[in-house]
Structures are given as structure tokens and as C-alpha cells.
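In what follows, a single structure is set out as C-alpha cells and then discussed.
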Amino acid sequence: MSLRLVTNLSSVRCAILLLVLVVSFSACTDENQTDNQPDLSIRFEVPAGFPPPVYGFQNNPLTQEGFELGRALFYDPILSRDSTISCGSCHQQFVAFAHSEHRFSHGIDDLIGNRNSPGLFNLAWHPEFMWDGGVNHLEVQPLAPITNPIEMDETIQQVNLKLQRSATYPNRFLKAFGTDSITTQLVMRAMTQFMGAMVSADSRYDRYRSGMVSFDDSENRGLQLFRSHCENCHSEPLLSDFTYRNNGLSTQFNADPGRVSITQLPGDSGKFKVPSLRNVVLTPPYMHDGRFNDLEAVLNHYSQGILQSSTLDTTLPAGGMQLSTQEKADIIAFLSTLTDNTFIRDRRFSEAP
Amino acid sequence: MMKKILPVLALITMTLVGCKDDEPGTPRTSGSVLVDLTNVVGSVNLDETGATWYTNASGESFSVTRLKYYLSNFELIRNDEVKYKLENGYFLVDESNQASTVLELPDVPAGQYDKIRFLIGVDSARNVSGAQTGALDPANGMFWTWSTGYIFYKLEGKSPASANVDSTFNYHIAGFRESNNTNSLRWVELSFNGSTLTVDGDREAEVHIFADHLRFFDGPPNQMTITGNYNVMTPGPRAQEFADNYAQLFRFDHLHNSAH
């Protein structure tokens, strides 16, 4: 008995050693090999140092079939009225699921939106969604762009009907949820499995936090400046506290009143959700209206461009942060460590994995 | 001999028990209560085809093309004590689907009741719980996608008092947040006017309620005009005034409670 156990243990060790060897070899040769079969199985794990997620999949257990169905829906223009726009149209993986080079995205019939398309990652930690926080749950988030007349302009009934009539979807729902009777709830839960599993936590900043790499001098200075000037709203490790704030972009907010349109509280006028700064280098332009094309312009705003209004965030210094050229360069050096190349290349999140 | 008698005895016992169970006057532990709703405008049944013209207290004529509303959180009360509370029971009353105007309250404990209480709308807990199904399926057209939440009461129609190009009016009354008068949830409590509803699982138990939608405009408490208020589709003070009115739409009419 004990002999057998020893044998088993040693074979486990052999297997582990073999695995390590295989991984090491493939790491060396992976670059140009496309016939290699990477592990595309999906898991949801809370990264070290992250708080517990808001969305924990308790009522919607994450499965490979559900996740892949959600991914198919995310990239399928069938969700739009005339099958021209998918979620992936305005949320592109190579820019952390923001919309590359678009201040505003164009929806159906080339209609132009009025807010900048945000990156999508770590959504399971967001208590609310959209720039004004109007959507209160990840499972109902996709309904907003689907039904928005300038985005996908489709009705929920019609989405369900088109999916039910399709040649492939009923069988995929059967495999994922045990029924081929397609309902809004199942469509949303599949999409939530995909969106909620999109975790980005492998940037240089994350490796620095876990002690795997060290920062150079500029990055270190940038981190310290960040912690004294930005951390109050862009809290680590998610790089947002998910509150709504007026950061002094304007003195009046008729063009887009922001959070007040959801809460009807006058004190919320001109407030927008604090975005996560993870992957921020990848996601220009910046702000809810995409007014700044690069991070220099953003830092110039916080340094000297803050405009006074009654709802201006009280933690912002009235005269601006008065950052030197060197300080701005250091902050940008730090912000560059927030790019997660593993995430933007993760084939599990790609249209064609 | 015993072997033959035993099954016969068992059969007789079962039959007797079966009989006893169906015997009138022997209470079961629970039964269903039906809530039968009749939607009216003033003294006439509501016509959702748009063909009938009504006049509100402000002298504005209007017709109705759509009426849908949510009722939930039903309670049955005896001597001011809540004896029955229906959790997870959400009903979408849709005038275009008459089956939806009869609501079944299941598993009501046998007993007597003298009041009914319910919520107009979908409670705040359910409004923040993600994608729902059944009566709460967002595909039912009673869900705001841009500011998550269910529309509690939807009344659409036409009126010359509306300044919309097609003379339509659109009332989508909702809002579950406590902030700044945006909570449009309203409780309704109706006494059975001295009658008692008996539930014993055997007799029919039906509560007939009338909902007079003229009160949506006329109140009390608020006399609302269509002029200047022909589109109310966001939570806020105007929605509150209408919500205070819809809290007064319902009146108890009669019980059906005879033994079968």
C-alpha cells in the first residue's frame, strides 16, 4: 500500500517535471507556432490583492459552454437591428476593449454616440455601469447598447426571436443552460459569463506589486506622485473607487449632465464615473466625452485646467495640481506600467480564439 | 384469510380518508386566492383600442391604446395582522391580455381574511438583482435599459391636449430609489368592507377589485392635466404626483366565496 503511494507520488512528480519541461519548451517556441493548442478553458479567480468581486457568479455558474456562448453573442452583429453592429464593433480587444481612435463610436446607420466607449475588464468588480452609473447590474448591462436607438437599435423581443430562429444558437443554449428555449435572462447570463470573466491583472504594475519585477526611477517617482495626486479616486488595485465625480472639465453641463440624469439629485450635476486607469495607455481618447487625445492633455488639465463649478470634486485643488514637466513624464511612465499585454492577447477573449 | 383482508382494509381506509378530504367543511391546510381585476375609466370598462373617448376633470378628452402595470408583494390580513405574504410573486397586468387580469395567490393558509395589501410596482430589491424572467422578463416592454429598473405603470393613448406631433401621451411611471422623490412604489391596502374571505382549499376564494384609471389624472390627491404633462418617462417629482394618484386607483368591489 505504502509502496504504491510512493510510486504514485513519484509519478506525480514526474508528471509535474514533464509539465514544467513542456511549458518551458513551449514558452521558448510559442511565438510563431499556430498549431499549438493553448489552454482555452475559462476560470474565474480573484487576483491576489483584489477585493471580493461584486458579481460572484453565484446565480450564474461559469461554464465553458456558457462563456463561449457569451463570447459568440458579444461578437455577433445579430444583436443589432440590421445585423451591422456587434458589441465588439466598439469594444476591441487590442485596446483593452475600448474603441480605438474614436472620440465617439458610430452605431447603427452611422449615427454618432455622445460618450466615449470605455475599456472592458474587471467588470465583475464594478457596482454600476456606464459613465452615469445608470445600469445597476452586470447582467442587464448589454440591454442598454442593444436597445439604444443610436447604438444597436434592436428590441429585446427581436433579439430573442432571432436567436431562437437561428440554426446554431438553440443548441448552444441547450449545451450551456440545459434548455433551448431562449429567454432574455439566458442571453444576458451567457454574455455576463463572458464579460465577467474578462479579468485583467497581469500588468507590470501587478508584477511589481507581487515582487516579481522592480520599477525604474521614473516609474517609481511616477507611482509616488500617483499616490499623492490620483489615488484618492483611482484607488488601487482596481485603479478606480467607482464613485461619480466632477473633475472640473466644464462650468455648465447642459450638453451632458451625467449622474444627475439617473439620480435627479442636483448635487450630481456634471459628475461621471471614475474610470479604472488599468490599460489607460491603450484607451485614448480620454474623459466621458473623449475630449483629450493623449495623457499629456489629461495631465495638463489636472495640472492647470480645472474649472470651478458648484459640484467640483472637493478633493481637487482649486488651482490645479501644478505638476512640472518632469512630474508629468514620471506619472505617464507609471501609467504605462498598467498595460496588461497578457489580457489583450488572451485568445479566450478573441473573436476567433 | 388475513392476507386477503388486509388489502381490502387498506383500500377502505384510503377511500375513507379520500372522502373525508373532499368533504365540505373539513378544512385543508391551504388553497389559492384569485384576485380578479377590472380596469375601468370612471363608470365604464376601459377600452384599449383607442376608439372610446373619455374626459378627465380638467375637461381634456383622451383615449387609451395601452395599459400595463406591475403588482407584487401581495399580503392577506386578518385583524390587522399579516397572515399571508407572497414572496417572489410579480404580476404584469396587461389590458391587452385578459388572462393577465386574474392573479393567482398560491398556498394561502386556510383561514379568514378581511383585508388585502399589495405593492404597485417592483420592489427595489428585485430592481437591482440582474436579469429576471417570467413576468419580469425585460422583453415584456416594462424595463428601462438606460437607467436600470422596471416601469411600474404604463398608460399610453391620444389626446388633443398633447403637443406631441401624433397627439399621443406617454406615461411610464417608475423609480425605486429613495433619492430626491424618485420612489414611485406605492402600497395599496383594501378592506373587504366588513366581509370575510374564507380560505379552506375547497370553496372558491376570489377577490374582485376595480381599478379606475380616470383617477390617474383626477386623483385624489392630485388633479393632473395632460397639457404640459403628456410625456412622463423619467423618475422625479411629476412621476411622484402621478404615483400618488395611482395609489388611489383600486377599490374593493366584492368577494366570491361560496362553497362548491
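The values are calculated or read from the model by the stated rules, or taken from the named source; none is laboratory data. If you're wondering where the values come from, they're calculated on a predicted model, not measured in any experiment. Cβ atoms come from the backbone with ideal geometry, glycine included; neighbour counts cover every protein chain shown.
Give me the residue from region A:110-140 that is small (G, A, S) and over 19 Å from B:F176 (Cβ atoms) and, out of that set, farthest from the other protein chains (Cβ to nearest Cβ).
Among residues in region A:110-140 that are small (G, A, S) and over 19 Å from B:F176 (Cβ atoms), the one farthest from the other protein chains (Cβ to nearest Cβ) is A:G119.
For region A:174-184, which residues satisfy the criterion of being touching a residue at least 24 places away in the same chain (Cβ under 8 Å) and under 21 Å from B:A135 (Cα atoms)?
A:F177, A:T184
Scan region A:294-315 and tell me whether some residue there is assigned to a helix (DSSP H, G or I) and under 30 Å from B:T145 (Cβ atoms).
no
Enumerate the pairs (first residue in region A:228-240 and touching a residue at least 40 places away in the same chain (Cβ under 8 Å); second residue anywhere and of a type in the set (G, A, S) and part of a loop (DSSP other than H, G, I, E, B)) with beta-carbon separation below 6 Å, excluding pairs fewer than 6 apart on the same chain, so at least 6 apart or on different chains.
Final answer for the pair search is A:H234/A:S240; A:P237/A:G49; A:L238/A:S276; A:L239/A:S276.
If you scan region B:97-141, which residues turn out to be part of a loop (DSSP other than H, G, I, E, B) and within 15 Å of the chain's Cα centre (by Cα)?
B:N97, B:G121, B:V122, B:D123
From the residues in region A:141-154 that are closer than 22 Å to A:D110 by Cβ and more than 8 Å from chain B (Cβ to nearest Cβ), which one is surrounded by the most Cβ atoms within 10 Å (Cβ to Cβ)?
Ranking the qualifying residues of region A:141-154, first place goes to A:P142.
Looking at this structure, is B:Y150 within 14 Å of chain A (Cβ to nearest Cβ), buried (at least 20 other Cβ atoms within 10 Å of the Cβ), outside any loop (DSSP other than H, G, I, E, B) and modelled with pLDDT of 95 or more?
Considered against the rule, which asks whether it is within 14 Å of chain A (Cβ to nearest Cβ), buried (at least 20 other Cβ atoms within 10 Å of the Cβ), outside any loop (DSSP other than H, G, I, E, B) and modelled with pLDDT of 95 or more, B:Y150 comes out as yes.
Name every residue in region A:131-177 that is of a type in the set (S, T, N, Q) and either within 27 Å of the chain's Cα centre (by Cα) or not assigned by TED's automatic domain parsing to the domain that holds A:S80 (or both), in order of residue number.
Those that are of a type in the set (S, T, N, Q) and either within 27 Å of the chain's Cα centre (by Cα) or not assigned by TED's automatic domain parsing to the domain that holds A:S80 (or both): A:N136, A:Q141, A:T147, A:N148, A:T155, A:N160.
Of the residues in region A:260-279, how many are within 23 Å of A:H99 (Cα to Cα) and either surrounded by fewer than 22 Cβ atoms within 10 Å (Cβ to Cβ) or touching a Ser or Thr at 6+ places or on another chain (Cβ under 8 Å) (or both)?
Matching residues across region A:260-279 total 8.
Limited to region A:309-334, what total is found for residues that are in contact with a Gly (Cβ under 7 Å, 6 or more places away or on another chain) and among the polar types (S, T, N, Q)?
Going through region A:309-334 one residue at a time, the tally reaches 2.
Could you please give the count of residues in region B:212-256 that are part of a loop (DSSP other than H, G, I, E, B) and away from chain A (no Cβ under 14 Å)?
Qualifying residue count for the region: 17.
Inspect region A:321-336 for any residue being surrounded by 19 or more Cβ atoms within 10 Å (Cβ to Cβ), touching a residue at least 40 places away in the same chain (Cβ under 8 Å), closer than 18 Å to A:V95 by Cα and under 17 Å from the mean Cα position of the chain (by Cα) and give the result as yes or no.
Yes: region A:321-336 contains one or more residues that are surrounded by 19 or more Cβ atoms within 10 Å (Cβ to Cβ), touching a residue at least 40 places away in the same chain (Cβ under 8 Å), closer than 18 Å to A:V95 by Cα and under 17 Å from the mean Cα position of the chain (by Cα).
Condition (residue is buried (at least 16 other Cβ atoms within 10 Å of the Cβ), of a type in the set (D, E) and within 17 Å of B:Q248 (Cα to Cα)) applied to region B:196-210: is it met by at least one residue?
no
Quick test of your reading of the structure: A:G248 fulfils all but one of (1) within 30 Å of A:L69 (Cα to Cα); (2) in contact with an Asp or Glu (Cβ under 8 Å, 6 or more places away or on another chain). Name the failing condition by number.
(1)
Could you tell me which numbered condition A:N254 fails, if it satisfies all but one of (1) in a loop (DSSP other than H, G, I, E, B); (2) more than 30 Å from A:P52 (Cβ to Cβ); (3) in contact (Cβ under 8 Å) with a residue 12 or more places away in the chain?
(3)
Which residues, taken from region B:67-82, are surrounded by fewer than 17 Cβ atoms within 10 Å (Cβ to Cβ) and of a type outside the set (A, V, I, L, M, F, W, C)?
B:R78, B:N79, B:D80, B:E81, listed by residue number.
Mind counting the residues in region A:34-80 that are among the aromatic types (F, W, Y) and in contact with a Pro (Cβ under 7 Å, 6 or more places away or on another chain)?
Result for region A:34-80: 1.
Restricting attention to region A:167-212, report how many residues are polar (S, T, N, Q) and away from every other protein chain (no Cβ under 14 Å).
5
Could you tell me whether region B:160-183 includes any residue that is part of a loop (DSSP other than H, G, I, E, B), buried (at least 21 other Cβ atoms within 10 Å of the Cβ) and more than 13 Å from chain A (Cβ to nearest Cβ)?
yes
For region B:28-79, which residues satisfy the criterion of being among the β-branched types (V, I, T), under 20 Å from B:P220 (Cα atoms) and without any contact (Cβ under 8 Å) to a residue 24 or more places away in the chain?
Listed by number, the residues that qualify are B:V44, B:T55.
I want to confirm something. Restricting to region B:184-193 and keeping residues that are part of a loop (DSSP other than H, G, I, E, B) and over 15 Å from B:L71 (Cα atoms), which single residue is farthest from the other protein chains (Cβ to nearest Cβ)?
B:N193
Checking B:A99 against (1) surrounded by fewer than 17 Cβ atoms within 10 Å (Cβ to Cβ); (2) away from chain A (no Cβ under 14 Å); (3) within 23 Å of A:T147 (Cβ to Cβ); (4) hydrophobic (A, V, I, L, M, F, W, C), only one condition comes out false. Which one?
It fails just one condition, (3).
All but one of (1) more than 30 Å from A:P47 (Cβ to Cβ); (2) in contact (Cβ under 8 Å) with a residue 60 or more places away in the chain; (3) in contact with an Asp or Glu (Cβ under 8 Å, 6 or more places away or on another chain) hold for A:G113; which doesn't?
All conditions pass for A:G113, except number (2).
Here are A:R278, A:R291, A:R259: which of them is modelled with pLDDT of 95 or more, basic (K, R) and touching a strand residue (DSSP E or B) at 6+ places or on another chain (Cβ under 7 Å)?
A:R259
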